[in-house]
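The structure appears below as structure tokens.
No value in this document is a laboratory result; all are computed from the given coordinates. Owing to the predicted nature of the structure, the values given are computational and were not obtained by experimental measurement. In this analysis, Cβ positions are derived from the backbone assuming ideal geometry, glycine residues included, and neighbour counts consider all displayed protein chains.
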Ligand SMILES: Nc1ncnc2c1ncn2[C@@H]1O[C@H](COP(=O)(O)OP(=O)(O)OP(=O)(O)O)[C@@H](O)[C@H]1O
């Protein structure tokens, strides 16, 4: 592995402390026999924001779908705040891990935006004024409060993405996992989403092909290729390594320079 050794900013590592996320030797094969993960190792400390980079088909989404038990590991282990991700703990794991899917249509299914955002916390037992307050503050955070009574079906793609994020934020997760949050967003919505995520302030893992977005939001990045982590370090260093990027089919936008 290409290990970049500079000390990582914003990483609160204490020897022996329980990390927010620990993935060890995670391997997975789809039912058709395709091996998508070949031993992923990743440790994320509380409060870190980590971008997950890699070419198409590298295994990024497959890895994220293991973090809240959508897929079950073939071998290896995952711990969230010290709790193993396995079938006995799924309810608590899903409370801790908020997964925002790449396609909001995989997540939104209620008649109104308000009901979609209330669904998760209600499912975890939140009721009454607390539920109403969570829905209000999550919709406010993503700038969608005025659309609370509309059908998600009638929103634009970018608006649906914001509602999907609100639905996860309303669950108050300990670990927020986002798959391609900036795709299909207009520049203003992309910037506003960055502000929401920075304000949120919790532990975050963000899968993205948007390298400037990774640089803006995540002090640390891991690069996954062929189902394994091939580089892990400060985002600015990874993105300054032209050879590393080329070897894994990553490219900065034309004219973009890492400051
Ligand atoms: N349901 C499935 N059945 C079989 N193979 C799959 C399935 N879903 C994904 N794969 C394969 O697993 C590998 C990893 O896919 P995954 O979606 O995790 O990649 P990714 O890094 O998220 O890619 P992208 O950047 O294109 O979204 C790919 O080779 C893909 O073809």
Degrees between helix 128-141 axis and first principal axis of the chain (Cα, 0 to 90, nearest 10): 50 degrees
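Add -39500 (n - 2.57) for each DSSP H run of 4 or more in the chain, then divide by its residues: what number comes out at 222 nm, to the nearest 500 deg cm²/dmol?
Working: 9 runs with 86 residues, N = 259.
That calculation yields -9500 deg cm²/dmol at 222 nm.
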For the chain, find the longest principal axis of its Cα atoms and tell me its angle to the long axis of helix 113-123, 0 to 90°, nearest 10. 70 degrees
Packing-based exposure ordering (other Cβ within 10 Å, fewest first) of 230, 113, 52: 230, 52, 113
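How high is the FRET efficiency between residue 254 and residue 43 when r is their beta carbon distance and R₀ equals 51 Å, given to the nearest 0.05? Intermediate results must be reported in sequence, preceding the final value.
Values: r = 35 Å, r/R0 = 0.68.
Efficiency computed from Cβ-Cβ geometry: 0.90.
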Considering the convex hull of the alpha carbon atoms of region 86-125, report its projected area averaged over all viewing directions, in nm², one decimal. 3.4 nm²
Once the Cα atoms of region 115-186 are picked out, what are the Rg and Dmax in Å? 11.9, 36
Fewest to most neighbouring Cβ within 10 Å: what's the order for 119, 109, 124? 109, 124, 119
Quick one: compute the contact order of the chain, relative version, from alpha carbon pairs under 8 angstrom and 6+ residues apart, as a percent. 28 percent
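Using a Förster distance of 25 angstrom, determine the FRET efficiency expected from the C-beta separation of residue 132 and residue 110, and round it to 0.05. Walk me through the numbers on the way to the answer.
Details: r = 15 Å, r/R0 = 0.62.
Result of the calculation: an efficiency of 0.95.
Using just the Cα positions, wrap region 29-87 in a convex hull and report its mean projected area in square nanometres, one decimal place.
Values: hull surface 18.4 nm².
Dividing the Cα hull surface by four gives the mean projection, 4.6 nm².
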Once Rh is set to the Kirkwood radius over Cα pairs, what Stokes-Einstein translational diffusion coefficient, in µm²/s, holds for region 171-220 at a temperature of 10 °C and a viscosity of 1.306 mPa s? 141 µm²/s
Alpha carbon centroid spacing (whole Å) that separates region 101-124 from region 199-259: 30 Å
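Determine, for 249, 136, the number of other Cβ atoms within 10 Å of each Cβ, and report the residues in order from fewest to most.
Numbers: 249 12, 136 15.
With the fewest neighbours first, 249, 136 line up as 249, 136.
Which whole-number percentage describes the relative contact order of region 165-259, with Cα contacts under 8 Å and a sequence gap of 6 or more? Let's see the in-between values first.
On the way: 84 pairs, mean separation 19.7, N = 95.
With pairs under 8 Å counted, the relative contact order is 21 percent.
Based on the Kirkwood radius over alpha-carbon pairs, what is the Stokes-Einstein translational diffusion coefficient of region 70-171 at 37 °C with 0.692 mPa s viscosity, in µm²/s?
Values: Rh = 14.4 Å.
In µm²/s, the coefficient is 228.
Starting from the exponent 0.38 and prefactor 2.2 Å, build the expected Rg for region 142-227 from its residue count and divide its actual Cα Rg by it.
Working: Rg = 13.5 Å, N = 86, 2.2 N^0.38 = 12.0 Å.
Here the Cα radius of gyration is 1.13 times the empirical estimate.
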Distances over 23 Å make up what percent of all Cα-Cα pairs in the chain? 51 percent
So what's the projected area for region 194-259, the Cα convex hull averaged over all directions, in nm²? 4.8 nm²
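On alpha-carbon atoms, Rg over Rh for region 106-259 using Kirkwood Rh? Don't skip to the answer; put the middle values down first.
Working: Rg = 17.4 Å, Rh = 16.9 Å.
Across region 106-259, the Cα-based Rg/Rh ratio is 1.03.
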How high is the relative contact order of region 87-164, given as a whole-number percent (alpha carbon pairs under 8 Å, six or more residues apart)? 40 percent
